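Trainee: Would you mind keeping the following structure in view while I ask a few things?
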Amino acid sequence: MWKKIIVVSIVSVLIVCGFLDVNSLTPVQSAEGVSDVSVRMKWFFAGTMVPWFYGRSSGIFRRHKINLSVRPGGPDNSSVKLVAAGSDLFGVAGSDEALLARQKGVPIVAIGVIFKDSPVSFVAHSDSGIKTPVDWSNKRIEIIYGNSEEVQYRSLVKKYGVHGQTEVPYTYSLVPFIERKVDVSIAYSMDQVVTLKRRNIALTEMRAKDFGVNPYGDVIITREDTLRNRPELVRDFIAALRDAITGAVSNPQMGVHTLVQAVPTLSVDNETAVWMATIPFLKGPDGRYLLMDRERWVETRSLLEEFGFLNSGLNLDDAVKYVDPM
Amino acid sequence: MVRIRTAMIAAAMIALMVGIWAAACYTFKLPSYLVPNPFEVLKVIWGDWAVLISHAGVTAEAALFAAVLASGLAAVVGAVIFFMPRLSSPTIISIITLQSFPAVALVPLLTIWLGNGLSPRVALGSFFAFFPQAIAVTRAVRDLDREKVEFFESLAARGSQIFWQLVVPSATPGFFAGMRIGAPLAVVGCLVSEISSSDRGLGFYMLVASRRLETAQVFAGVILAAGMGLAAYGLVVVTERFLTPWRDVLAIE
């Protein structure tokens, strides 16, 4: 009898603990007025995320009264869904994801741009003779389906009259490209390109933006009710992030060190290369970090509409909110 | 009569689950991009029927080949165990060890070795399906009644005669028991391969739908995939009844 009671009690406690979320769904204010805030990344931890860890470690976020938790994204951790569901207060998402989510009725808004230019590239071995999208005809090309990467690819195909190509799905492994099973592979300038170069693979990088296809890259998102109910928190968050980016750009070695300290599985050498490759994407012609330009959003929306990724008629004022921290 | 009642109970349980699902969506006002209500999913299945069937057909083709390949390999393992009984324990240990291998890590390697298309999907599907079938066949051969084997030997039967006339009929129930688990797993393996490295199939359909926040489409794909797994199980049951008419096999045990 007692054994049954003990077993049932233990199982009940485990079930209850399994449902408890130890990280609050809404920002918790401590006695000093510091808010516990979580931000969900778009992908697994990597050198592109140095500012977050630098800002947290050096006290920048705390000076803005934010106790920041940085959480990894990935294929099974959609920042859009997690932010919309309230699991995280802020998130990093693709500009295409943010616009599409808004069109689907997801109550999130974009409040800042991290990557002012598209980080999407297409790589070929330098001895393949493939230098521009014009050379993609009749070639075997690895692409990612279902999001902005595919749209940018299709835009380039249309613009440069590519024909006869064989499209194969990208398997999130560089081996098919290295083994020359494909002629051209999709890549990110600060990810796969860095990895390939560090392996001393001579390659030609064809950046989408260099060929006139240049939507916004990653953006910061939050729920629209967070912006409405806690505008000061959002402003503080953007201000802190801007300071963190400035600091991490000025002190790249220190920045990478804070990342690797938090995520020991990462390598200093690799993430330094990734962070240095990321920096050029952060500052636009306006010279400021995170600031959004409406014309660039219009350009991004138009590109996504042209290839059916977005239906026409999305009101940018609903999807994009300008937050200017003082 | 029993089967009709069983089917009606199953249908009632499914209807109950769908009802709870709809009630939860309505009561908690769950957003459709997180949890679509069942009527939205039905609408997608109805409206996208042709597209869904096309993708399901691609998955089904690969799953069928995968299940057959896995069954063939499992049968070979059983034959090896019979003719070389000392390999029995090492074989089982090896199979269990290989089963722990993260199959998802195989996806890019299979693409390298086999290219894109049917082959890597069949390979991964058979990887998923092979293990339960191999274990079941191995046990069936090991548990063979030794007295019957000795009786055959006393009649000067050759090894091949004992194998085809005693071992195969005796191990067939175990073989099909493994197939009942393995066949649905072949579907799962093909879906995993499609999610990671294909431009067709239900796995690909669900991946793209997920990226586009079309969660109702994802659910539609899941329902079709579940149906495919159930159909695979049913096909094994029917095949078993046809090939082993001496056994009283229940549709659902």
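Trainee: Starting from residues that are part of a loop (DSSP other than H, G, I, E, B) and at the interface with chain B (Cβ under 10 Å from one of its Cβ atoms), keep the ones in segment A:71-118 and report whichever is most open to solvent (accessible area, probe 1.4 Å).
Mentor: Among those residues, the one meeting the criterion is A:Asp76.
Trainee: Filter segment A:186-206 for residues that are touching a strand residue (DSSP E or B) at 6+ places or on another chain (Cβ under 9 Å) and either assigned to a helix (DSSP H, G or I) or under 13 Å from A:Val120 (Cβ atoms) (or both) and give the result.
Mentor: Listed by number, the residues that qualify are A:Ile186, A:Ala187, A:Tyr188, A:Ser189, A:Gln192, A:Val193, A:Val194, A:Thr195, A:Leu196, A:Lys197, A:Glu205, A:Met206.
Trainee: Can you name the condition, by its number, that B:Ala140 falls short on among (1) under 30 Å from A:Phe177 (Cα atoms); (2) touching a Ser or Thr at 6+ places or on another chain (Cβ under 8 Å); (3) surrounded by fewer than 24 Cβ atoms within 10 Å (Cβ to Cβ)?
Mentor: Every listed condition holds for B:Ala140 apart from (1).
Trainee: Shifting gears a bit: Across segment B:99-144, what is the number of residues that are away from chain A (no Cβ under 12 Å) and not in a helix (DSSP H, G or I)?
Mentor: 5
Trainee: OK, next. Within segment B:15-61, how many residues turn out to be among the acidic types (Asp, Glu) and away from chain A (no Cβ under 14 Å)? Please lay out each step first, then the result.
Mentor: Just the residues of segment B:15-61 that are among the acidic types (Asp, Glu), to begin with: B:40, B:48, B:61.
Then drop every residue that is not away from chain A (no Cβ under 14 Å), which leaves B:48, B:61.
Total satisfying the criteria: 2.
Trainee: Another question, if that's okay. If A:Asn147 meets every condition in (1) of a type outside the set (Gly, Ala, Ser); (2) within 12 Å of another protein chain (Cβ to nearest Cβ); (3) open to solvent by less than 10 Å² (accessible area, probe 1.4 Å) apart from one, which number is that one?
Mentor: Of (1) of a type outside the set (Gly, Ala, Ser); (2) within 12 Å of another protein chain (Cβ to nearest Cβ); (3) open to solvent by less than 10 Å² (accessible area, probe 1.4 Å), only one is false for A:Asn147: (3).
Trainee: Of the residues that make up segment B:197-212, is at least one touching a residue at least 40 places away in the same chain (Cβ under 8 Å), open to solvent by 50 Å² or more (accessible area, probe 1.4 Å) and within 30 Å of A:Leu99 (Cβ to Cβ)?
Mentor: yes
Trainee: Would you mention how many residues in segment A:247-257 are in a helix (DSSP H, G or I) and surrounded by fewer than 23 Cβ atoms within 10 Å (Cβ to Cβ)?
Mentor: Here is the first cut: in segment A:247-257, the residues in a helix (DSSP H, G or I) are A:247-250, A:252-257.
If we keep only those that are surrounded by fewer than 23 Cβ atoms within 10 Å (Cβ to Cβ) too, we end up with A:247, A:249-250, A:252-254, A:257.
Number of matching residues: 7.
Trainee: Next up: Would you pick out the residues in segment A:96-108 that are under 15 Å from the mean Cα position of the chain (by Cα) and under 10 Å from A:Val320 (Cα atoms)?
Mentor: Residues satisfying the conditions are A:Ala98, A:Leu99.
Trainee: Still on this structure, please answer the following. Which residue pairs have Cβ atoms under 9 Å apart, sit 6 or more places apart or on different chains, and have a first residue in segment A:303-324 that is over 24 Å from A:Asn229 (Cα atoms) and a second that is of a type in the set (Gly, Ala, Ser) and open to solvent by 20 Å² or more (accessible area, probe 1.4 Å)?
Mentor: Once the first residue is over 24 Å from A:Asn229 (Cα atoms) and sits in segment A:303-324, its partners that are of a type in the set (Gly, Ala, Ser) and open to solvent by 20 Å² or more (accessible area, probe 1.4 Å) give A:Glu305/A:Ser312; A:Glu305/A:Gly313.
Trainee: Continuing with this model, one more query. Look at A:Leu68 and say whether it is of a type in the set (A, V, I, L, M, F, W, C), open to solvent by 20 Å² or more (accessible area, probe 1.4 Å) and either within 14 Å of chain B (Cβ to nearest Cβ) or not in a helix (DSSP H, G or I) (or both).
Mentor: no
Trainee: In addition: Residue check, B:Ser94 against (1) surrounded by 21 or more Cβ atoms within 10 Å (Cβ to Cβ); (2) of a type in the set (Gly, Ala, Ser); (3) more than 16 Å from the chain's Cα centre (by Cα), all met but one. Which one?
Mentor: (1)
Trainee: List the pairs whose first member sits in segment B:233-244 and is farther than 10 Å from B:Phe176 by Cα and outside any helix (DSSP H, G or I), whose second member is open to solvent by 60 Å² or more (accessible area, probe 1.4 Å) and not charged (D, E, K, R), and whose Cβ atoms are under 9 Å apart, counting only residues at least 6 apart or on separate chains?
Mentor: none
Trainee: If you don't mind, another one. Scan segment A:270-290 and give yes if some residue there is surrounded by fewer than 16 Cβ atoms within 10 Å (Cβ to Cβ), more than 30 Å from A:Pro252 (Cβ to Cβ) and of a type outside the set (A, V, I, L, M, F, W, C), otherwise no.
Mentor: Checked segment A:270-290: no residue is surrounded by fewer than 16 Cβ atoms within 10 Å (Cβ to Cβ), more than 30 Å from A:Pro252 (Cβ to Cβ) and of a type outside the set (A, V, I, L, M, F, W, C).
Every residue, every condition in (1) part of a helix (DSSP H, G or I); (2) in contact (Cβ under 8 Å) with a residue 60 or more places away in the chain; (3) in contact with an Asp or Glu (Cβ under 8 Å, 6 or more places away or on another chain), yes or no:
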| site | (1), (2), (3) |
| --- | --- |
| B:Ile20 | yes, no, no |
| B:Cys25 | yes, no, no |
| B:Pro31 | no, no, no |
| B:Glu40 | yes, yes, no |
| B:Leu52 | yes, yes, no |
| B:Val76 | yes, no, no |
| B:Ser88 | yes, no, no |
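Trainee: Here is a further query. What's the total number of residues in segment A:119-136 that are open to solvent by less than 20 Å² (accessible area, probe 1.4 Å), small (Gly, Ala, Ser) and either assigned to a loop (DSSP other than H, G, I, E, B) or closer than 22 Å to A:Leu282 by Cβ (or both)?
Mentor: 1
Trainee: Pull up segment A:216-246, narrow it to residues that are within 12 Å of A:Gly112 (Cα to Cα) and aliphatic (A, V, I, L, M), then point me to the one that is surrounded by the fewest Cβ atoms within 10 Å (Cβ to Cβ).
Mentor: Among residues in segment A:216-246 that are within 12 Å of A:Gly112 (Cα to Cα) and aliphatic (A, V, I, L, M), the one surrounded by the fewest Cβ atoms within 10 Å (Cβ to Cβ) is A:Ala239.
Trainee: Here's something else I'd like to know. Residue by residue through segment A:137-149, note down the ones that are in a loop (DSSP other than H, G, I, E, B), among the polar types (S, T, N, Q) and touching a helix residue (DSSP H, G or I) at 6+ places or on another chain (Cβ under 6 Å).
Mentor: A:Asn147
Trainee: Could you tell me whether B:Ala186 is closer than 27 Å to B:Ala7 by Cα, among the hydrophobic types (A, V, I, L, M, F, W, C) and crowded, with 20+ Cβ neighbours inside 10 Å?
Mentor: Yes.
Trainee: Of (1) open to solvent by less than 60 Å² (accessible area, probe 1.4 Å); (2) under 30 Å from A:Gly105 (Cα atoms), A:Gly313 satisfies all except one. Which?
Mentor: (1)
Trainee: Do the conditions hold for B:Val51, that is, is it closer than 30 Å to B:Arg200 by Cα and either basic (Lys, Arg) or open to solvent by less than 60 Å² (accessible area, probe 1.4 Å) (or both)? Before the answer, list the steps.
Mentor: Working: closer than 30 Å to B:Arg200 by Cα: yes; either basic (Lys, Arg) or open to solvent by less than 60 Å² (accessible area, probe 1.4 Å) (or both): no.
For B:Val51, the condition - closer than 30 Å to B:Arg200 by Cα and either basic (Lys, Arg) or open to solvent by less than 60 Å² (accessible area, probe 1.4 Å) (or both) - is not met.
Trainee: Now a separate question. In segment A:150-185, what residues are among the charged types (D, E, K, R), more than 10 Å from every other protein chain (Cβ to nearest Cβ) and either in a loop (DSSP other than H, G, I, E, B) or in contact (Cβ under 8 Å) with a residue 24 or more places away in the chain (or both)?
Mentor: Answer for segment A:150-185, where residues must be among the charged types (D, E, K, R), more than 10 Å from every other protein chain (Cβ to nearest Cβ) and either in a loop (DSSP other than H, G, I, E, B) or in contact (Cβ under 8 Å) with a residue 24 or more places away in the chain (or both): A:Arg154, A:Lys159, A:Arg180, A:Asp183.
The values are calculated or read from the model by the stated rules, or taken from the named source; none is laboratory data. Since this is a predicted model, take the numbers as computed values, not measurements. Every residue, glycine as well, gets a Cβ built from its backbone with ideal geometry; the counts of neighbours run over all protein chains shown. Accessible surface is based on the protein model in full, side chains and every heavy atom, while ligands, DNA and RNA are left aside. Shrake-Rupley method; radii C 1.70, N 1.55, O 1.52, S 1.80 Å.
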